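Below is one structure; the comments refer to it alone.
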Amino acid sequence: MLVYANRDALEAWTGEPSPDNWEQLIRRASVMVGVATRAARYEVTPAGMPADDDQAEAMRDAVCAQVNAWIIAGVDPTGEALTAKVTASTIDGASVTLDAATEAVDRQRIAGALCSDAWDILTLAGLIGGHPWVMP
């Protein structure tokens, strides 16, 4: 399996220390980037990585963007964290209720689909054709 990013790249992208499971997140995002670019035509190194530096950087950046999206959303696609976290909260008479079903669906979508930033990076690098709004 090809892995397009590393811990240093992730920390440079986010500006924050990597989460404890950074390696699993990068591997999962690398698979997603590989699937998204499976129809792309480009030269590769003997190791299977893009030979063109710009394309290699785009794949690295797309992986980092995807992991960052998971971190921001509080989603771990490698674990059990795909259910809604809070359904209601009351503080000093103010109340907030979240639609747990909608949140769970959103978290599933974030966990399983390439985020728009990653998609855009790959599209601009010429690694994805067609329309970005037709995502798997």
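The values are calculated or read from the model by the stated rules, or taken from the named source; none is laboratory data. The model shown is predicted, which means the values in this text are computed figures rather than measured ones. When we count neighbours, we look across all protein chains shown, and the Cβ atoms used for this are built from the backbone with ideal geometry, even at glycine.
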Could you check, for the stretch 38-52, whether at least one of its residues is closer than 24 Å to residue 79 by Cα and of a type in the set (Lys, Arg)? no
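A quick yes/no check of all residues on (1) β-branched (Val, Ile, Thr); (2) modelled with pLDDT of 95 or more; (3) within 13 Å of the chain's Cα centre (by Cα); (4) not in a loop (DSSP other than H, G, I, E, B):
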position: 10; (1), (2), (3), (4): no, yes, yes, yes
position: 13; (1), (2), (3), (4): no, yes, yes, yes
position: 18; (1), (2), (3), (4): no, yes, no, no
position: 30; (1), (2), (3), (4): no, yes, yes, yes
position: 33; (1), (2), (3), (4): yes, yes, yes, yes
position: 55; (1), (2), (3), (4): no, yes, no, yes
position: 79; (1), (2), (3), (4): no, no, no, no
position: 85; (1), (2), (3), (4): no, no, no, no
Here is a check on your reading of the model: is residue 61 surrounded by 15 or more Cβ atoms within 10 Å (Cβ to Cβ), under 28 Å from residue 129 (Cα atoms) and modelled with pLDDT of 95 or more? yes
Tally, over the stretch 43-68, of residues that are more than 15 Å from residue 119 (Cα to Cα) and of a type outside the set (D, E, K, R): 8
Taking into account only those residues within the stretch 35-53 that are part of a loop (DSSP other than H, G, I, E, B) and either aliphatic (A, V, I, L, M) or touching a residue at least 60 places away in the same chain (Cβ under 8 Å) (or both), which is nearest to residue 120 (Cα to Cα)? 37
Would you confirm whether any residue within the stretch 4-20 is over 18 Å from residue 126 (Cα atoms), touching a residue at least 40 places away in the same chain (Cβ under 8 Å), of a type in the set (Phe, Trp, Tyr) and surrounded by fewer than 20 Cβ atoms within 10 Å (Cβ to Cβ)? yes
